[in-house]
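Colleague: The structure's right below; bear with me while I get my questions together.
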Amino acid sequence: MQADKSSRFLDTILNSVADGVFTVDKNWRITSFNRAAERITGVSAERALGQRCSDVFHADICERNCALRHTIRTGEKVIDTPARILNERGRAVPISLSTAVLRDPEGNALGAVETFRDLSMLEELRREIRGSYTFEDIVGKSPAIRKVFALLPDIAESDTTVLIEGSSGTGKELLARAVHNLSHRRAGPFVAVNCGALPATLFESELFGYVRGAFTDAKRDKPGRLALAEGGTLFLDEVNELPTQTQVKLLRVLQEREYEPLGGVRTLRVNARIVAATNCHLAEWVSQGRFRDDLYFRLAVVRLTLPSLNERREDIPLLVEHFIRRFNAKRGKKISGVAPEVMELFMRHVFRGNIRELENLLEYAFVLCHEPIIGLEHLPEDVVRERIRNLAESPDSGHAPLLELAEADAIRAALAGAKGQVQKAAAALHVSRTTLWRKMKRYAIAPRQYRV
Amino acid sequence: MRPNREKIAIPRFGEDVAPCFGASATIAIFITEDGEIVDQVDFTLHSQRALDRIRLLRDQEVDTLICGGLQERVEEMIAAAGIRVFSWVAGNAEELLAAYLRGQLHSRSGPSHPREQQDRGDLSTVKDQKR
């Protein structure tokens, strides 16, 4: 009776801690599995109990450095060892784990206990700060993204120049960073240069650097971005904006792997991989004589094309999930998803700004949302109004959306008249306050915007 | 008539399929002709980089991969390389191979995915019989 009581007491404690805790017998079979362990792995206790721990955790240390094996074999504790497990959805989860032996009252080893802490949020923040993106950050299952996936192993291995084409906001820099982080140059620097951001003369000194005395105020040598990218990757964004005279110099860099800094006489060797990106169809610029064809062919040894978000709508739910995970880590929130009507809006919305626009919409919603689910009321009003307008314009919509539009406008007018006081606006509209709240939520109208 | 030849890769941990493809030290490649195993080569892997593993599979012209835990993105990349994947299975490697050759192997039939196992499969039997 007493034993039962203390066992229940222990269960309550274990299930209320934030860290994952589980125990194994001497054959690595799981004998207990707390709630946090269920949450982190995505595997229920019911499924985990009796299984070998390696078949539940799929950790990178299972084979070569199993902490539990070490503890059971030597009796020594393992404290705060890093590892990566795979959760039920196939995502790598970074953890920090500690182990200890479990003994019976006579001191015989019964098995071991492991506690582990989910470090995903910490790693997400670290990645955000360092920009250490890998293929895990290229989100999508659409055919165009699959094509990129198919090429990545070869691209990463080789040192060839890569040209990434895609509209603004499609993730060109992220892909360039992933190519860098997957290559053997990953320990080296990743240096990004925007070719359209500076006038031609300044750009050259920025790219190639200059030596003391090259021009007035050049009081000391300054290394260019090419030199800073030594041993790593130089990312030339908006390469189509490269001035004609710089195109010739870059061609020499790609052909001869050498250049001279401004005002310099000594030729420097280049040891950097070049990845370029453009938001236009560069081959067309070549045919129009706006971009050198020899440079184009040197840049486009491997060409990757990122489609616009409107061309890969099937990836929107995955991207939404991805950004929610990132913003949760960044802002310390626990938002679990978006309401169905928000997802419907995203699926119909014309994303002129591509993935960046979707990211910005979700970032905006994260500021306003203090609930577990992002609703229409957390999105910018113009986006929601566009949705109603689109519904009204769609041929199969009948008249209902037009009525909705009129109803939403009437609510806005009433709220403006009542200076944001819901009770007063409801009275003016001859509806109850709860009905007005429901409708405001539906049309994503926030009364505080009308308060003076 | 030329025999129907297939290369099947299984990352191994002792006699069992390795729990994590990305961290397995050995990948066994079985060559079958008309459903019979005619050869086997073991590769020892030092690099834990997923792309090196994918390249190995591709360079060895592997047709099918049978493995334990597999990162979602890596699975997509392997599939993009034209390799058939049976992931998230557990148990004795040779018995899993035999189940595959009989046409009785299903992805996600290991203990991490028992619901799908109940719906689809016979693989739990392979594992449970062994233990």
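Colleague: At a 1.4 Å probe, which residues in the stretch A:79-125 are at least 20 Å² less accessible with all protein chains present than in their chain isolated?
Modeller: A:Leu86, A:Glu88, A:Arg89, A:Gly90, A:Arg91
Colleague: Counting other C-beta atoms within 10 Å, and keeping those with at most 16, which DSSP coil trypsin sites (Lys or Arg not before Pro) do you find in the stretch A:257-348?
Modeller: In loop regions of the stretch A:257-348 (DSSP not H, G, I, E or B), the sparsely surrounded trypsin sites (Lys or Arg not before Pro) are A:Arg257, A:Arg266, A:Arg290, A:Lys333, A:Lys334.
Colleague: Can you order the peptides A:190-197, A:10-17 by their average number of other Cβ atoms within 10 Å per residue, highest first?
Modeller: Final packing ranking: A:190-197, A:10-17.
Colleague: Across peptide A:53-66, what mean number of C-beta atoms from other chains lies inside 10 Å of a residue's C-beta?
Modeller: 6
Colleague: Can you tell me which lysines have their Cα less than 19 Å from the Cα of A:Lys222? Leave out same-chain residues fewer than eight positions away.
Modeller: Filter leaves A:Lys249.
Colleague: Can you run phi through the Karplus equation (6.51, -1.76, 1.60; θ = phi - 60°) for the stretch A:108-125 and list ³J(HN,Hα) in whole Hz, with x for Gly and Pro?
Modeller: In residue order, the calculated couplings are 7, 6, 9, x, 8, 10, 10, 10, 9, 10, 6, 9, 3, 4, 4, 5, 4, 5 Hz.
Colleague: Can you tell me the order of A:224-231, A:74-81, A:181-188 when each peptide is scored by its average per-residue count of other Cβ atoms within 10 angstrom, highest first?
Modeller: So the peptides A:224-231, A:74-81, A:181-188, ranked by packing, come out A:224-231, A:181-188, A:74-81.
Colleague: Return the Rg/Rh value of the stretch A:291-332, two decimal places, where both radii are evaluated on C-alpha atoms and Rh is the Kirkwood radius.
Modeller: Here the Rg-to-Rh quotient is 1.29.
Colleague: Suppose the chain between A:Glu311 and A:Asp409 were pulled fully straight at 0.36 nm per residue; how much longer would it get relative to their current alpha carbon spacing?
Modeller: Gain on extension, A:Glu311 to A:Asp409, equals 32.0 nm.
Colleague: At 7 Å along Cα-to-Cβ for each site, give me the label-to-label distance between A:Asp294 and B:Phe43 in nm.
Modeller: The answer from the label model is 4.1 nm.
Colleague: Give me the residues in the stretch B:1-44 whose solvent-accessible area, probe 1.4 Å, is reduced by at least 10 Å² once all protein chains are included instead of the chain isolated.
Modeller: B:Phe13, B:Asp16, B:Pro19, B:Cys20, B:Ala23, B:Ala25
Colleague: While we're looking at this one, here's another question. In the stretch A:305-321, whose amide N lies under 20 Å from the spot 7 Å out along Cα-to-Cβ of A:Asp154? List them in ranges.
Modeller: In the stretch A:305-321, the label zone of A:Asp154 (backbone N under 20 Å from the point 7 Å along Cα→Cβ) covers A:305-307.
Colleague: Using a simple spin-label model with points 7 Å from Cα along the Cα→Cβ vector, what separation in nm is obtained for A:Arg433 and A:Ser287?
Modeller: 6.6
Colleague: Ok, one more. Determine which residues of the stretch B:6-30 fall in the zone a paramagnetic label at A:Arg126 would reach in this model, i.e. backbone nitrogen under 19 Å from the point 7 Å along Cα→Cβ.
Modeller: B:23
Colleague: A follow-up question, please. Output the Cα-based Rg and Dmax of the stretch A:316-450 in Å, rounding Rg to one decimal and Dmax to a whole number.
Modeller: In order Rg, Dmax, the Cα atoms of the stretch A:316-450 give 15.9, 44 Å.
Colleague: Check A:Thr233: other-chain or 5+ apart residues with amide H under 5 Å from its amide H, H built from backbone geometry?
Modeller: Residues meeting the criterion, in which the H sits 1.01 Å from N, are A:Phe190, A:Val191, A:Arg273.
Colleague: Give, in nm to one decimal, the length gained when the segment between A:Leu49 and A:Arg325 is fully stretched (0.36 nm per residue of separation minus the Cα-Cα distance).
Modeller: In short, 96.5 nm is gained.
Colleague: Follow-up question, since we're still on this one. Give me a comma-separated list of calculated 3J(HN,Hα) values for the stretch A:359-376, in order, Karplus coefficients 6.51, -1.76, 1.60 applied at θ = phi - 60°, integers in Hz, x for any Gly or Pro.
Modeller: Working through the residues one at a time gives 4, 5, 4, 6, 5, 4, 4, 5, 5, 7, 7, 10, 10, x, 10, 7, x, 4 Hz.
Colleague: Let me confirm the definition first: pairs of Lys residues in the stretch A:316-450, 8 or more apart or on different chains, C-alpha distance under 20 Å. How many are there?
Modeller: Working: A:Lys419/A:Lys439; A:Lys419/A:Lys441; A:Lys424/A:Lys439; A:Lys424/A:Lys441.
Lysine pairs, 8 or more places apart or on different chains, close enough: 4.
Colleague: Which value, in Å², gives the accessible area per residue of the stretch A:256-376 when a 1.4 Å probe is used on the protein heavy atoms? If you can, show how the numbers build up before the last one.
Modeller: Values: 5840 Å² over 121 residues.
That works out to 48 Å² for each residue.
Colleague: Which of rounded, prolate or oblate describes the protein assembly as shown when judged by the alpha-carbon gyration tensor and an a/c cut-off of 1.5?
Modeller: Oblate, since a/c reaches 1.5 and b/c is not below a/b.
Colleague: Considering only protein heavy atoms, what is the solvent-accessible area of A:Ser132 at a probe of 1.4 Å, reported in Å² to the nearest 10?
Modeller: My reading of the accessible area for A:Ser132 is about 40 Å².
Colleague: Tell me: how much accessible area in total is hidden between B and A, 1.4 Å probe, Å², nearest 100?
Modeller: 3300
Colleague: I would also like to ask the following. Leaving out ligands, DNA and RNA, and with a 1.4 Å probe, what % of the accessible surface on chain A is carbon or sulfur?
Modeller: Ligands and nucleic acids excluded, carbon and sulfur reach 52 percent.
Colleague: Let me ask something else. Taking a point 7 angstrom from the Cα of A:Ile13 along the C-beta vector, which residues in the stretch A:115-138 have backbone N less than 20 Å away?
Modeller: A:115-117
Colleague: Still on this structure, I have one more. For A:Val302 and A:Glu260, what is the calculated FRET efficiency with R₀ set at 22 Å and r taken between the beta-carbons, to the nearest 0.05?
Modeller: The formula returns an efficiency of 0.20 here.
Colleague: Further, regarding this structure: Name the long-range amide H neighbours of B:Cys20: under 5 Å, sequence gap of 5 or more, or other chain; modelled H, no Pro or chain starts.
Modeller: B:Gly69
Colleague: Residues of A:129-136, mean number of Cβ from any other protein chain within 10 Å of their own Cβ, rounded to a whole number?
Modeller: Per residue, the average neighbour count from other chains is 2.
Colleague: Hey, another quick one. Starting from the Cα of A:Met343, step 7 Å along the direction of its Cβ; do the same at A:His184; then give the gap between the two resulting points in nm.
Modeller: Label-label distance for A:Met343 and A:His184, simple model: 4.5 nm.
Colleague: Across the stretch B:91-104, in residue order, what do the Karplus-derived ³J(HN,Hα) couplings come to in whole Hz, using 6.51 cos²θ - 1.76 cosθ + 1.60 with θ = phi - 60° and x for Gly and Pro?
Modeller: Listing the rounded values in order: x, 5, 4, 5, 5, 5, 4, 4, 4, 5, 5, 7, x, 10 Hz.
Colleague: Same structure again: Hey, got the average number of other protein chain Cβ atoms within 10 angstrom for residues in B:75-81?
Modeller: Values: counts 1, 9, 9, 3, 4, 10, 6.
Mean inter-chain Cβ contacts per residue within 10 Å come to 6.
Colleague: Highest mean first, how do A:106-116, B:75-85 rank when packing is the count of other Cβ atoms within 10 Å averaged over residues?
Modeller: B:75-85, A:106-116
Colleague: Counting only heavy atoms of protein chains, what accessible area per residue, in Å², does the stretch A:1-143 have with a probe of 1.4 Å?
Modeller: Numbers: 7590 Å² over 143 residues.
Each residue of the stretch A:1-143 exposes 53 Å² on average to a 1.4 Å probe.
The values are calculated or read from the model by the stated rules, or taken from the named source; none is laboratory data. Since the model is a prediction, treat every value here as computed from it, not as a measurement. Here the Cβ is made from the backbone with ideal geometry for all residues, glycine too, and neighbour counts use every protein chain on show. We work out accessible area using only protein heavy atoms, side chains counted, and drop any ligands, DNA or RNA first. Shrake-Rupley method; radii C 1.70, N 1.55, O 1.52, S 1.80 Å.
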